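A short worksheet on the structure shown next.
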Amino acid sequence: MSEYTFPEIPAQQELDEHNVPFANRDHCAAHLITYYKCLDKGTSFCTKPKDEFYKCQYFSLKNRLAQAKH
C-alpha cells in the first residue's frame with residue numbers, strides 16, 4: 001500500500017460554515033465536511049465519505065503514535 005496523503009486543511013471560515021467540531025479540525029476535516037455535505041442532502045448513501053474520514057483518522061493516529069515512539 002502506498003503512503004497516505006492527507007488533504008489540505010480547509011480555511012477557518014469553511015470549518016465554521018459546516019460546524020466542524022473543534023476536536024475534528026485537523027488533517028481530516030476536509031473528509032468530514034464532505035461527509036456532512038452528503039448527510040445534508042438527505043441521502044443515506046454516505047458510506048464512502050464516512051469511510052474516507054475514518055481512514056484518514058486511522059492514518060493520523062498511526063502517525064501520532066509513530067512520532068510518540070521517537
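Rule-based calculations on the coordinates, nothing more; no lab input. As the structure is a prediction and not an experimental result, all values here were calculated from the model. Neighbour counts run over all protein chains shown; Cβ positions are idealised from the backbone, glycine included.
Dividing the summed helix terms, -39500 (n - 2.57) for each DSSP H run of n ≥ 4, by the number of residues in the chain produces a 222 nm estimate of -19000 deg cm²/dmol to the nearest 500. Taking Lys and Arg as +1 and Asp and Glu as -1, the other residues whose beta-carbon sits under 10 Å from that of residue 28 total 0. Net charge in the neighbourhood of residue 52 (other residues with Cβ under 15 Å of its Cβ; Lys, Arg +1, Asp, Glu -1) is +1. Here the chain has an Rg and Dmax of 13.2, 45 Å, counting Cα atoms alone.
Once the Cα atoms are used to define both axes, helix 47-69 deviates from the longest principal axis of the chain by about 30 degrees. Residue 50: which aspartates and glutamates have alpha carbons under 16 Å from its alpha carbon, excluding same-chain residues fewer than 8 sequence positions away? Those aspartates and glutamates meeting the cut-off are 26, 40.
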